[in-house]
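Note sheet for the following structure.
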Amino acid sequence: MSTKARFLICSPDHYEVDYVINPWMEGNVHKASPPVAASQWEALRGLLEQEADLERITPQPGLPDMVFTANAGVVVGRKCVLSRFLHQERQGEEPYFKKWFKKQRFEVFELPADLPFEGAGDALFDRERGCVWAGYGFRSELAAHPLLAEWLNIDVHSLRLIDPRFYHLDTCFCPLEDGCVLYYPAAFDAYSNHEIEKRVPEEKRIAVGETDATRFACNAINLDRRIILNQASAELRSRLEATGFSVFETALGEFMKAGGSARCLTLRVNDPAPAGAKAATSVQSREVRLEGHLLDSGLLDRALEATIHNGGSFQILHFNLGKQRQSTSHAEIKISAPSGEVLDTVMAGVIALGAVAAPTEETDAELKPVTQAGVAPEDFLATNIYPTEVRLNGQWRGVQDQRMDAVIVVDSRLETARCALFRNLKNGELVVVGSAGVRTVRKTESRDDRGRGSAEHEFSFMGAGVSSERRVELVVDQISWEMRRLREQGGRIVVVPGPVVIHTGAGEYLAWLVRAGYVQAVLGGNAIGAHDIEQALMGTSLGVDLKQGKSMEGGHRHHLKAINTIRRCGSIARAVEMGVLTSGVFYECVRRGVPFSLAGSIRDDGPLPDTQMDLIKAQEDYARLLKGADLILMLSSMLHSIGVGNMTPAGVRLVCVDINPAVVTKLSDRGSVESVGLVTDVGLFLNLLTQRLRKLDGERMP
Ligand code: ARG
């Protein structure tokens, strides 16, 4: 027989909705009815009184939410960890609850003042498993969980809440007798759902739908086989009954206006400390430093956002704001995650933004050998586009061949590091795993850099973000200026054109760019080759006459005829030599010795003999031609442009032109300083660009 339950409650004498700190309270300020609230609360008390001992704390004026005693603290055995309310509106309750626990001779633990934790609202004792399930994401900070584990001497499982309507764990999760768990899965992230599924066998999981969840069915009080709650659907009721529970509904609508229900209105204060329990948590933390124009460049915000987005949580330990426009700020941030694995993901995100380990936590990178050729160790670190360094034997070493979506391989003497693709990994090679001992070197971005997209900064070269039609001309001016400078300095400009370049009649402009020495490599697919050659041989593009804009009789065969002609010659270069191909983009490439690579795909007709149908070879070709690129023009070719983007390290300027804003946003989103996106017709863009360059070159317009 279990001992009689004892609950702490607080009568609603001063209950009201006076402020808004959760979505339920919105629109409900001063809308709760005191007499109705009082009678609902009395009804709940009456139900509880039959089964349990009730302790009361005196309600206080000005603290309307004090009725929700679940948030007083969390109690296991004779120990209590007091709440640290996130919102100032509720912080006034803290001393009253503290006094009560002290008076009752609990051993009271207090968290540091800046570490929010909201008691049994976010920490639920599971009698069957002898553990505590703890929530984070809205009101409680993950970094509080290891302290709960230590102080209460118990195993704490952390769960991340993601739906603001279910801001406390007890609004969407309820451990029941017999190891059952009543919960609303959609309130949790994937990692947390996985944790729940790992620990609670399927037959013990009672998942509710949104309707029951929003009626606070999970905010239930469980006494032996009885469940007291606000409301349950017939379906949920019969499921609970089939599991051996009886359900008692008691209307608590007045309290739902403040975002609480049955469970929130109570705090069990005599849950027994489980025998033989040990403190345990899988929460891991790391301290990092971030330096730069943290506020005006939005860097701090992005780092914190990335932390939350990847399932972690943070505390800012120190922040030092640079006083002048040019002076930088720095922040020390403690990052926590529910497991080492999640921490590595979170860290990879902030490392990419330039965060470095706090000096006290700096260690060498962790390495694991490849045990199966072509396969990385499970916890490999994925690379990004930014110059990266790894710490080996206490020394920071720069990573060679920086690119995205690769792993870092270190030589056996621990002296050099480089990016490598899975497929090139050899047995025994050492791969960087986890996230320790890795940092990226980011240029300090200032507000001026980020503001380059705005109208006042049109001429500061390439601005952030996507451009409107109005800006095209101005941006073209900047690009042409940059292209001329690069040509003079012997720089490398790589063009990635899609077939639309030919369809829009802009092939001649691109051909001119090649002829004038503005292009050092062309990367595309079979289609750009086929269309350019069709246009050169027959004046059509996919059978459409480009001069008249009309489709030609039998024209649908034209591109096949073009491909066939080149196949007969053996290659594009041979066709030029033989005098078969006498104009167009690829003719100019051959004439000027500008290398090109055509990567094949499943839909390719022919293909042209030059098209590389072995995609691994094509990727290698692209990578080789991209080496040392200074500027890349991506012209309406989503697939090839994304491929190129992944291979290109930070610091290379990208210009992405596409009529589809989604493509432009995707490709130009790599830091503001080096990419510019233009949502416009590519034909128009190339026309303007060549006009501008011809003028600069002093050549007369045709
Ligand atoms: N208005 C209160 C708040 O937002 C409601 C608390 C409900 N308590 C709970 N354990 N879920 O803090």
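Since every read-out is calculated from the coordinates, none of them should be taken as a lab result. As the structure is a prediction and not an experimental result, all values here were calculated from the model. FYI the Cβ positions are ideal-geometry reconstructions off the backbone, even for glycines, and counts take in every protein chain you see.
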How much length, in nm to one decimal, is gained on full extension between PHE319 and ARG423, taken as 0.36 nm per residue of separation minus their Cα-Cα distance? 33.1 nm
Taking all pairs of distinct alpha-carbon atoms in segment 346-398, Kirkwood radius in angstrom: 12.8 Å
Counting alpha carbon pairs within less than 8 Å and at least 6 residues apart, what relative contact order, in whole percent, applies to the chain? 9 percent
Quote the FRET efficiency, to the nearest 0.05, computed for ASP405 versus GLU51 with a Förster distance R0 of 51 Å and r equal to the Cβ-Cβ distance. 0.30
Using only the alpha-carbon atoms, what does segment 254-313 span along each of its principal axes? Please give whole angstrom values in decreasing order. 51, 42, 16
Would any residue of segment 313-354 have its amide N under 15 Å from a label point 7 Å out along Cα→Cβ of LEU414? List them or say none. none
If one computes P(r) from the Cα atoms of segment 264-407, what percent of pairs lie at distances over 24 Å? 45 percent
Two-decimal ratio, segment 470-518, of alpha-carbon radius of gyration to 2.2 N^0.38 Å: 1.24
Which FRET efficiency value, to the nearest 0.05, is calculated for ARG6 and HIS30 with the Förster distance at 30 angstrom and r the Cβ-Cβ distance? 0.30
Using the Karplus curve 6.51 cos²θ - 1.76 cosθ + 1.60 with θ = phi - 60°, work out ³J(HN,Hα) for each residue of segment 266-280 in order, rounded to whole Hz, and write x for Gly and Pro. 9, 9, 6, 10, 10, 5, x, 5, x, 5, x, 6, 10, 5, 7
Counting DSSP beta bridges with both partners in segment 40-186, what percentage is antiparallel, nearest 5? 55 percent
Output needed for segment 1-114: three equivalent-ellipsoid semi-axes, defined as square roots of 5 times the C-alpha gyration tensor eigenvalues, in descending order, whole Å. 24, 21, 11
With axes computed from alpha carbons, what is the tilt in degrees of helix 558-569 against the longest principal axis of the chain, rounded to the nearest 10 within 0 to 90? 60 degrees
Working out 0.36 nm times the residue gap between LEU615 and THR360, then minus their Cα-Cα distance, what length gain in nm do you get to one decimal? 87.2 nm
Roughly how compact is segment 77-166, stated as its Cα Rg over 2.2 N^0.38 Å to two decimals? 1.05
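Can you work out the FRET efficiency for the pair LEU295 and GLU553, with r the C-beta to C-beta distance and R0 = 51 Å, to the nearest 0.05? It would help to have the intermediate numbers written out before the result.
Values: r = 65 Å, r/R0 = 1.27.
So, using R0 = 51 Å, E works out to roughly 0.20.
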If you take every DSSP beta bridge fully contained in the chain, what fraction is antiparallel? Give it as a percent rounded to 5. 55 percent
Pull up all non-local amide H partners of ARG268: gap of 5 or more, or a different chain, and H-to-H distance under 5 Å with H placed in the peptide plane. LEU8
Looking at this model, which pairs from LYS627/LYS666; LYS561/LYS666; LYS79/LYS334; LYS443/LYS695; LYS4/LYS257; LYS4/LYS102 are more than 24 angstrom apart at the alpha-carbon? LYS561/LYS666; LYS79/LYS334; LYS443/LYS695; LYS4/LYS257
To the nearest 10 degrees, how steeply does helix 190-199 sit against the main Cα axis of the chain, on a 0 to 90 scale? 50 degrees
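Tell me the trypsin sites (Lys or Arg not before Pro) within segment 200-290 that lie in a loop according to DSSP and have at most 11 other beta-carbon atoms within 10 Å. Can you show the working numbers first?
Details: sites: LYS204, ARG205, ARG215, ARG225, ARG226, ARG237, ARG239, LYS257, ARG263, ARG268, LYS278, ARG286, ARG289; in loops: ARG215, ARG225, LYS257, LYS278.
Qualifying residues, ordered by number: LYS278.
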Segment 156-254: antiparallel bridges as % of DSSP beta bridges, rounded to 5, reads 50 percent
Cut-off is 10 Å between beta-carbons; in what order do ASP155, ASP658 appear when sorted fewest neighbours first? ASP155, ASP658
Angle in degrees between helix 615-626 and the longest Cα principal axis of the chain, rounded to the nearest 10: 80 degrees
Enclosed volume per residue, in Å³, of the convex hull spanned by Cα atoms of the chain: 219 Å³
What are the radius of gyration and Dmax of segment 30-188, computed over its Cα atoms and given in Å? 15.7, 43
Could you give the length gained by full extension between HIS87 and ALA43, i.e. 0.36 nm per residue of separation minus their alpha carbon distance, to one decimal place? 12.9 nm
Could you list the trypsin sites (Lys or Arg not before Pro) in segment 616-682 that lie in coil according to DSSP, counting only those with at most 13 other Cβ atoms within 10 Å of their Cβ? LYS627
